[in-house]
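K.L.:
Got a structure for you, written out below as structure tokens; questions coming shortly.
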Amino acid sequence: MTETWQQLQAMLDLPQQEADTLDSIQKDKRKQEWLACRALLAAMTGSAPSIVYDNNRKPHIDGSQMQLSMSHSGAYACVYVHHSRPVGVDIQQMKPSISKGADYFLNEDEQHWADLTDNLLLHLMWSAKESVFKYAANKDLDLKKHILINRFSSNQNGFFEVNLISGQSPQPLRIAYDTFDDYVLTWTVS
């Protein structure tokens, strides 16, 4: 995100509902992030659609069956759309202190096999759980109990498997990931 929020706003013809939401955002950085996601979506769809949120805070394109996920961190924003299937995407700027919070998002089994000194691995695991959380669109999911990561070794890019526990049987999901600069990017794939 190199544009100011004012430059991003000028790129968009926001519906009134979206313009009202923008007016309610107090911080310039938050306005920039919010508008960057909408500018990306407009570039992808050819218009500036209105984004609405359901009871689980999952974004949807108003009046469309298209599935949507958005994320931002640091200097980047990303948007993931699919015509029919649920999607989840997350971007994270890596910070050295993530290991202090590993107990918050890793279950006992994951803590057993994961190298808690591997900053990249921990960020990939955190980001993957965020992507699956967005995919599932269920605010009651617990990152430790309901999103279980299968053992993998971190690399600059690749795939790994996650099990989503939200019904009678686990739903296996494939996560793609990429790394660049001090960022990790994860997204769900079928």
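K.L.:
So, Asp90, is that one touching a residue at least 12 places away in the same chain (Cβ under 8 Å) and touching a Phe, Trp or Tyr at 6+ places or on another chain (Cβ under 9 Å) or not? Walk me through it before giving the result.
P.N.:
Details: touching a residue at least 12 places away in the same chain (Cβ under 8 Å): yes; touching a Phe, Trp or Tyr at 6+ places or on another chain (Cβ under 9 Å): yes.
In short, yes.
K.L.:
Residue under question is Ala75, and the condition is that it be over 24 Å from Leu122 (Cα atoms) and either without any contact (Cβ under 8 Å) to a residue 40 or more places away in the chain or under 18 Å from the mean Cα position of the chain (by Cα) (or both); does it hold?
P.N.:
Working: over 24 Å from Leu122 (Cα atoms): no; either without any contact (Cβ under 8 Å) to a residue 40 or more places away in the chain or under 18 Å from the mean Cα position of the chain (by Cα) (or both): yes.
So Ala75 does not fit the description; no.
K.L.:
Follow-up question, since we're still on this one. Could you check the range 103-179 for helices (runs of 4 or more DSSP H) lying wholly inside it with 3 or more residues that are surrounded by 15 or more Cβ atoms within 10 Å (Cβ to Cβ)? Spell out the reasoning first.
P.N.:
Numbers: elements: 108-113, 119-136, 143-146.
Result: 119-136, 143-146.
K.L.:
Every residue in the range 107-149 that is of a type in the set (S, T, N, Q) and either touching a residue at least 12 places away in the same chain (Cβ under 8 Å) or under 28 Å from Pro59 (Cβ atoms) (or both), please.
P.N.:
Asn107, Thr117, Asn119, Ser127, Ser131, Asn138
K.L.:
Pull out all pairs, ordered by first then second residue, where Cβ-Cβ is under 9 Å, the residues are six or more apart or on different chains, the first lies in the range 33-44 and is β-branched (Val, Ile, Thr), and the second is surrounded by fewer than 22 Cβ atoms within 10 Å (Cβ to Cβ) and not in a helix (DSSP H, G or I).
P.N.:
none
K.L.:
What residue, among those in the range 90-102 that are of a type in the set (A, V, I, L, M) and within 19 Å of Val162 (Cβ to Cβ), is surrounded by the fewest Cβ atoms within 10 Å (Cβ to Cβ)?
P.N.:
For the range 90-102, the residue satisfying everything is Ala102.
K.L.:
Return the only residue of Asp20, Asp115, Asp54, Asp28 being among the acidic types (Asp, Glu) and closer than 24 Å to Asp178 by Cα. Please lay out each step first, then the result.
P.N.:
Numbers: Asp20 fails: closer than 24 Å to Asp178 by Cα; Asp54 fails: closer than 24 Å to Asp178 by Cα; Asp28 fails: closer than 24 Å to Asp178 by Cα.
Being among the acidic types (Asp, Glu) and closer than 24 Å to Asp178 by Cα holds for just one of Asp20, Asp115, Asp54, Asp28, which is Asp115.
Every number here is computed from the coordinates shown, using simple stated rules; none is lab data. Treat the numbers as computed from the prediction; the structure is a model and nothing was measured. Note that each Cβ is placed from the backbone with ideal geometry, even for glycine, and that neighbours are counted across all protein chains shown.
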